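Scroll down for the structure; my scribbles are underneath it.
The values are calculated or read from the model by the stated rules, or taken from the named source; none is laboratory data. Computed from a predicted model, the values in this text were never measured in an experiment. No Cβ is skipped: glycine too gets one built from the backbone with ideal geometry, and neighbour counts run over all protein chains shown. The accessibility values were calculated without ligands, DNA or RNA, using every heavy atom of the protein model including side chains. Shrake-Rupley method; radii C 1.70, N 1.55, O 1.52, S 1.80 Å.
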Amino acid sequence: MPEDEPFPWEIGIYDAHCHPTDTLASIADIPQMKATTLTIMATRGEDQDLVQQTAVSLSAKESQSTSDRVVPCFGWHPWFSHQILDDTAQPTAAQSPAEHKYAHYAAVLTPSPADDQSFIDLLPVPKPLSELISETRNRLQQFPNALVGEVGLDRSFRLPSPWSSTDIENRDDQLTPGAREGRRLSIYRVKPEHQRTVLKAQLQLAGEMNRAVSLHSVQAHGGVFEVLKELWAGHERVVLSRRKRDKQRDAEGAVFDDDEDDDQDKTPDRSQPTKAADLSGKSYRPFPPRVCMHSYTGSVEPIRQFLHQSNPSDVYFSFSKLINFSGTAGKKVDDVIKALPEGRILIESDLHVAGVQMDEVLEDVARQICQLRGWELRHGVQVLADNWQRFVFG
Ligand SMILES: [Zn+2]
């Protein structure tokens, strides 16, 4: 495929995961971008309202439509999960979150900072999980097309050291507060079980609201799969044996295009619907209908688990130039992209600034994927566009 073949922007380019509200000034550049729609993540206390305002300011009409320039997503990222206080198991009637603060951080961080009073002093008063969920539910109700994200698990990150006075003097005030911004890392991590609690509650909310989820997973694919599996329990799709499928196929007289690889059927909807989906009207299911593993860095093996036909959530995988095709990313991603069913591949920028740079990295990653899959450029861009539509709107 010639590199200089003009890029078919007119087909529609959709960024499945990005953070433009981290650089607020760049929001003004979105209407001039060549990309059609950006799927904008919220991650922490400081950016939920910004994502909401961005969606309102860029919506064409009063109500949201499928032609909007942005799709807002609301969620709490694992890097900030320590700021969430689990009040779901036992109500915190007697104590306020402020009174809980020390015991909370001593319990959810590892090693425990119990003896490091000054570290805890500088952390915020934790937010009750029940409050996060009801606020997010409200936001999702206001935006019928909004998704849940960015949520997930991360086994490698550590909390940044608290802001020093020099840090504060030197910080770039164009950036939305709350992120690491080059601060040194502390020794503290958030315990995996606490991260799972925060993730699980948000996945359940996505199920309740019937919204797709953009999911962050770093060295945690096994953990993410376990959480999904717990939520799927009792709702698995009935997978027909090959013989039964052949029979059904003959009976329906349909032409199927599946090959020998049963686990990677690109049309898993052909399997039986879940119990939850059988219910008419406002059915409740405790898991999201669709999940995107954003900037997927795992190997081929976990993909087979995530795409097993019995899973009642449809799992997509998205790729960014930043994480998947940078110099150090290696060749693992090539095998992953070649192994995935055509209908489950998405592209993203994962950038923290909108504008020309975002268009460039989206074009680059789309071209890379087309090349790896041996897709003619126009065909590939159309596939990626169709995949995003299906991921977001079902
Ligand atoms: Zn992200």
Going residue by residue through region 310-323, is there one that turns out to be open to solvent by less than 60 Å² (accessible area, probe 1.4 Å), in contact (Cβ under 8 Å) with a residue 12 or more places away in the chain and either assigned to a helix (DSSP H, G or I) or at positive phi (or both)? no
Flagged in region 195-232 as surrounded by fewer than 20 Cβ atoms within 10 Å (Cβ to Cβ) and within 16 Å of the ligand (Cβ to nearest atom), in numbering order, are 218, 219
Checked pairs for region 375-393, first under 13 Å from residue 314 (Cα atoms), second in a helix (DSSP H, G or I) and open to solvent by less than 70 Å² (accessible area, probe 1.4 Å), C-beta under 9 Å and 6 or more apart or across chains, list as 387/342; 387/343; 387/344; 390/343; 391/344
Of the residues in region 172-194, those that are open to solvent by less than 70 Å² (accessible area, probe 1.4 Å) and either touching a Cys at 6+ places or on another chain (Cβ under 9 Å) or assigned to a helix (DSSP H, G or I) (or both) come to 192, 194
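Please tell me if residue 4 is away from the ligand (no atom under 16 Å from the Cβ), surrounded by fewer than 24 Cβ atoms within 10 Å (Cβ to Cβ) and among the acidic types (Asp, Glu). Before the answer, list the steps.
On the way: away from the ligand (no atom under 16 Å from the Cβ): yes; surrounded by fewer than 24 Cβ atoms within 10 Å (Cβ to Cβ): yes; among the acidic types (Asp, Glu): yes.
Yes.
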Residue match in region 43-52 (condition: within 16 Å of the ligand (Cβ to nearest atom), hydroxyl-bearing (Ser, Thr, Tyr) and open to solvent by 10 Å² or more (accessible area, probe 1.4 Å)): no
Reported set for region 189-233 where residues are among the small types (Gly, Ala, Ser) and within 26 Å of residue 141 (Cβ to Cβ) is 201, 206, 207, 212, 214
Residue 169 vs (1) in a helix (DSSP H, G or I); (2) within 25 Å of residue 294 (Cβ to Cβ); (3) modelled with pLDDT under 85: all pass except (2)
In region 218-247, anything closer than 30 Å to residue 190 by Cα and polar (S, T, N, Q) is listed as 219
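Kindly indicate whether any position in region 224-233 is assigned to a helix (DSSP H, G or I), small (Gly, Ala, Ser), modelled with pLDDT of 75 or more and over 22 Å from residue 388 (Cβ atoms).
Of region 224-233, the ones assigned to a helix (DSSP H, G or I) are 224-232.
Remaining after also requiring small (Gly, Ala, Ser): none.
Scanning region 224-233, I find no residue that is assigned to a helix (DSSP H, G or I), small (Gly, Ala, Ser), modelled with pLDDT of 75 or more and over 22 Å from residue 388 (Cβ atoms), so the answer is no.
Determine if region 121-138 includes at least one residue that is surrounded by fewer than 17 Cβ atoms within 10 Å (Cβ to Cβ), touching a Pro at 6+ places or on another chain (Cβ under 7 Å) and part of a strand (DSSP E or B). Can you show your working first?
Keep residues of region 121-138 that are surrounded by fewer than 17 Cβ atoms within 10 Å (Cβ to Cβ), which gives 121-122, 124-125, 130-131, 134-135, 137-138.
Keeping just the survivors that are touching a Pro at 6+ places or on another chain (Cβ under 7 Å) gives 122, 125.
The next check asks that each one be part of a strand (DSSP E or B); those that pass are none.
No: region 121-138 contains no residue that is surrounded by fewer than 17 Cβ atoms within 10 Å (Cβ to Cβ), touching a Pro at 6+ places or on another chain (Cβ under 7 Å) and part of a strand (DSSP E or B).
Does residue 141 fit the bill of being under 21 Å from residue 47 (Cα atoms), at pLDDT 95 or above and more than 16 Å from the ligand (Cβ to nearest atom)?
Details: under 21 Å from residue 47 (Cα atoms): yes; at pLDDT 95 or above: yes; more than 16 Å from the ligand (Cβ to nearest atom): yes.
Considered against the rule, which asks whether it is under 21 Å from residue 47 (Cα atoms), at pLDDT 95 or above and more than 16 Å from the ligand (Cβ to nearest atom), residue 141 comes out as yes.
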Only unsatisfied item for residue 158, checking (1) assigned to a loop (DSSP other than H, G, I, E, B); (2) touching a Phe, Trp or Tyr at 6+ places or on another chain (Cβ under 7 Å); (3) closer than 28 Å to residue 52 by Cβ, is (3)
Cβ pairs under 8 Å, 6+ apart or interchain, first in region 9-21 and closer than 20 Å to residue 391 by Cα and open to solvent by less than 10 Å² (accessible area, probe 1.4 Å), second of a type in the set (Phe, Trp, Tyr) and in a strand (DSSP E or B), ordered by first then second residue, are 16/316
The correct count of residues that are within 19 Å of residue 294 (Cβ to Cβ), open to solvent by 10 Å² or more (accessible area, probe 1.4 Å) and of a type outside the set (D, E, K, R) in region 355-378 is 4
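Is region 85-98 home to any residue that is within 19 Å of residue 48 (Cα to Cα), touching a residue at least 12 places away in the same chain (Cβ under 8 Å) and buried (at least 16 other Cβ atoms within 10 Å of the Cβ)?
Of region 85-98, the ones within 19 Å of residue 48 (Cα to Cα) are 85.
Now restrict to residues that are touching a residue at least 12 places away in the same chain (Cβ under 8 Å): 85.
With buried (at least 16 other Cβ atoms within 10 Å of the Cβ) added as a condition, the list becomes 85.
Yes, there is a match, as at least one residue in region 85-98 is within 19 Å of residue 48 (Cα to Cα), touching a residue at least 12 places away in the same chain (Cβ under 8 Å) and buried (at least 16 other Cβ atoms within 10 Å of the Cβ).
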